[in-house]
Amino acid sequence: MVLNGIDESYDTLHNKFKDRIEYLENLPKIDEKRPIEDVIKESGFGRRDFLKWAGAITAMLSLPSTFTPLMADAIKVADRLPIIWLHMAECTGCTESLLRSANPTIDSLIFDHISLEYQETIMTAAGWQAEENLENAMKKYKDRYILMVEGGIPSADTEHYLTIGGHGKTGKATAQEASENAAVIFAIGTCSAFGGVQAASPNPSNAVSLSEVTDRTVINVPGCPPSEKNIVGTLMHYLLYGTLPALDVYNRPKWAYRLRIHDLCERRGHFDAGEFVEQFGDEGAKDGYCLYKVGCKGPYTFNNCSKQKFNQGTSWPVQAGFGCMGCSEPDFWDTMGTVNEPLSDKLYNTTFGGMGADATADRIGLTLLTATAVGIAGHAAISAYKNPKE
Amino acid sequence: MAKSEENSIEEHKEEIERELEFSAGYRWQHWIRAISIVVLIGTGFYIAVPFISPVQTAQPDNFLYALFRSWHIIFGFILTYVIFYKSFMFLYGQKYQMERDAIKDVFNIKIWKKQIGYYLLVSKHPKLSGVYNPIQFMAYAGFYVMMFFLILTGFILYVHVYHDGLGGFLYSPMRYFEVAFGGLAMVREIHHIAMWGVILFIVGHIYMAIYNAVFGKEGAIDAIFSGMKWHKKH
């Protein structure tokens, strides 16, 4: 049973969403495409599949199932919102995460359907024409477009390491310009959210996150790549609410990044029981034991991988028997240590002419402890021979 | 007691007297802290790398890691309490004036020189204003800095394991510090490194305690058990 108060609050929200969808419906379509229902149907998905998908997204955003039809309606008006997708210093993995699946999912069909005014990977235009498209889109849909940025942004005196197009604009300049007039800004993937792999020490291109080059609020959707559900879910959330989602300390939507991998892990029971995989391929690995000792960084990582999974919900790293790398955390490349070893084996850059290589906190600690012990023994011996002055 | 020693105390009775150095509260908090630290280091190493596994049985009721973590958290709270108690007493406690008196010597270069000289066996022990010499005082100050880092990082890690009650109450402020430290992985590393600092402190601390017991002739190590220390009559 739900309490009256809660029911009413959902009614308010329901009406609010309805108004929002109506408002969007009355906006002109960006370009005349066939309705998304037809596209989905032609791709082999029945209405049942479509509603199942809408139900899943509804549940993911923590809304009651009565909102499912509303979600289905919302998708139909998704083509009213113009989207500009910029690629910075990156590998295009986030775009690939959405598009490159063996069987296209409804997520990827929606991604095709929404009005991507500019997306370097999938647009037909090239060269000057592409530049023009971007400029026009930014002018025409000023203060209306959704900006999605993929990739870290080279800055400082290496800003020119990322220079795009005939005008020779740097990535940073483009990102700043596009951010200024966007209705809402999403940083897709760890690189644009936190700098990512190219910002790893020693960061030769001085890559930084999108939030560091603009004053606007940036919603981070990190992951390497983020699951297609988290990308589309963030978009659907904005579509329905028209406002920013509740964000955590790193500006990540709480509905996706509220809990740690560890909190949602299917192997958590083995962790608490002290049952660990000692090395890949051993008996424990076959029995699905916890991967903490072979380097799982789930305890330090906030994401919903175990719930949404990847590749059309087939699996996710821990399910496949490989520990979490912590890819949705800031500076994960530097802070998480060696991939297949626990965090306490993290190496510190203490060279000392090669002597300090492979130095973990425990090894440095033991070395200092030994030095202390030697010092104490020496001091004690000398003191016993030549007493301190009284 | 050997006859000769008895005589020697008799001999000195006119010159030395027993004085209260550490109050009962001080001694209790010291030993509770010591025990907590030992338990926390042991369980902490297990939490970092679980080095023993339980015997596998058909009954899934042997939660070894959870057990280690429980004891770690229980003693963590005990330690937090005594650290807060002692810090408060250091600042405001009436019986802790002799600790606060030691601050003065830290800014006295002559006492520093004499104290270092004493440990290098070249000069006499300086006359101190409080109960601690400046080197000792700085070591304790460093110890407390590490303790506060351990408590803070410990609480950040705690709120992600227990989301209700105190964990829920502290969740938002602790996440602020989590960002300041650079993420949960860094919090864990700082927690680990600060522990090594505490281990090094303990080794030095025990050595100096024994050293003063052997050479100090004031019954310095007695003070932490009985509270009493021998002083020359002034």
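The values are calculated or read from the model by the stated rules, or taken from the named source; none is laboratory data. If you're wondering where the values come from, they're calculated on a predicted model, not measured in any experiment. Because the Cβ atoms are built from the backbone with ideal geometry, glycine has one as well, and the counts that use them run over all protein chains shown. Quick note on the areas: whole protein, heavy atoms, side chains included, nothing else; ligands and nucleic acids left out. Shrake-Rupley method; radii C 1.70, N 1.55, O 1.52, S 1.80 Å.
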To check my understanding: the extent here is largest minus smallest coordinate of the Cα atoms along each principal axis. What are those three numbers for the stretch A:183-239, in Å, largest first? 39, 26, 9
Report, as a whole number in µm² per second, the diffusion coefficient that Stokes-Einstein gives for the stretch A:164-323 at 25 °C and 0.890 mPa s using the Kirkwood radius over alpha carbon pairs. 139
What do you reckon, how do B:Arg69, A:Arg216, B:Arg100 stack up by accessible area (1.4 Å probe), largest on top? A:Arg216, B:Arg100, B:Arg69
Let me confirm one metric for peptide B:173-186, namely the mean number of other chain beta-carbon atoms within 10 Å of its residues' beta-carbons. 5
Taking every other residue with Cβ under 13 Å from the Cβ of B:Val39 and scoring Lys and Arg +1, Asp and Glu -1, one gets +2
Setting aside same-chain residues fewer than 8 positions from A:Lys346, which lysines have a Cα under 22 Å from its Cα? A:Lys293, A:Lys297
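Please work out the Kirkwood hydrodynamic radius for the stretch A:303-350, using every pair of different C-alpha atoms, and report it in angstroms with one decimal place. Write down the numbers at each step before the final one.
Numbers: mean 1/r = 0.0825 Å⁻¹.
About 12.1 Å, per the Kirkwood formula over Cα pairs.
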Per residue, how big is the convex hull of the stretch A:245-390 when only Cα atoms are used? Give it in Å³. 215
Which Cα, out of B:Ile78, A:Leu13, A:His87, lies furthest along the positive dipole direction of the protein assembly as shown (beta carbon charges, K/R +1, D/E -1)? B:Ile78
Counting only other chains, what is the mean number of Cβ atoms within 10 angstrom of the Cβ of each residue in peptide A:382-390? 5
Could you state how much accessible area B:Ser226 has, in square angstrom rounded to the nearest 10, with a 1.4 Å probe and all protein chains kept in place? 40
Starting with the highest mean, order A:47-58, B:129-140 by the number of other Cβ atoms within 10 Å, averaged over the residues of each peptide. B:129-140, A:47-58
For the stretch A:43-142, what is Rg from Cα atoms divided by 2.2 N^0.38 Å, rounded to two decimals? 1.26
I'd like the antiparallel share, as a percent to the nearest 5, of DSSP beta bridges with both residues in the protein assembly as shown. 40
Given the Cα-Cα distance of A:Asp143 and A:Leu27 and 0.36 nm per residue of separation, how much length would full extension add, in nm? 40.3 nm
Could you compute how much accessible surface B:Tyr158 exposes when probed at 1.4 Å, giving the result in Å² to the nearest 10? 40
Among A:Lys389/B:Lys229; B:Lys127/B:Lys233; A:Lys41/A:Lys254; A:Lys254/A:Lys309; A:Lys18/A:Lys309; A:Lys76/A:Lys229, which pairs are too far apart, with a Cα-Cα distance over 24 Å? A:Lys41/A:Lys254; A:Lys18/A:Lys309
At 1.4 Å probe size, put B:Lys86, A:Lys229 in order of accessible surface, largest to smallest. A:Lys229, B:Lys86
Provide the solvent-accessible area of B:Phe51, counting protein heavy atoms only and rolling a 1.4 Å probe, rounded to the nearest 10 Å². 120
Reduced Cα scattering model of chain A, Debye log10 I(q)/I(0), q = 0.10 Å⁻¹: -0.75
Convex hull volume per residue for the stretch B:32-123, taking Cα atoms only, in Å³: 156
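Compute the Rg to Rh ratio over the stretch A:259-345 from the alpha carbon atoms, using the Kirkwood formula for Rh, and round to two decimal places.
Here the Rg-to-Rh quotient is 0.94.
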Just the ratio, please: alpha-carbon radius of gyration of the stretch B:102-187 over 2.2 N^0.38 Å, N its number of residues. 1.68
With no solvent term and unit scatterers on the alpha-carbon positions of chain B, Debye gives log₁₀ I(q)/I(0) at q = 0.15 Å⁻¹ of -1.12
Chain A: angle of helix A:228-241 to the longest principal axis, Cα-based, in degrees nearest 10: 50
Rounded to the nearest 10 degrees, what's the angle between the helix B:64-92 long axis and the longest principal axis of chain B, both from Cα atoms, 0 to 90? 40
Place a +1 charge on the Cβ of each Lys and Arg in the stretch A:53-110 and a -1 charge on the Cβ of each Asp and Glu, then give the dipole magnitude about the Cα centre in debye, rounded to the nearest 20. 100
Could you list the square roots of 5 times each eigenvalue of the Cα gyration tensor of the stretch A:273-312, that is, the equivalent ellipsoid semi-axes, sorted largest first and rounded to whole Å? 21, 13, 9
Which distance in nm do the two modelled labels at B:Phe169 and B:Ile35 give, with both placed 7 Å along the Cα-to-Cβ direction? 2.5
Within chain A, the cysteines whose Cβ lies no closer than 4.7 Å to any other cysteine Cβ are A:Cys91, A:Cys94, A:Cys191, A:Cys265, A:Cys290, A:Cys296, A:Cys305, A:Cys324
Got a sec? Charge dipole of chain B, +1 on Cβ for Lys and Arg, -1 for Asp and Glu; which of B:Ala185, B:Ser53, B:Pro126 is way out at the positive end? B:Pro126
From largest accessible area down, sort A:Val39, A:Val232; use a 1.4 Å probe on the protein chains. A:Val39, A:Val232
Over the stretch A:148-201, what per residue volume does the convex hull of the Cα atoms give, in whole Å³? 83
Could you list the square roots of 5 times each eigenvalue of the Cα gyration tensor of the stretch B:139-219, that is, the equivalent ellipsoid semi-axes, sorted largest first and rounded to whole Å? 35, 13, 9
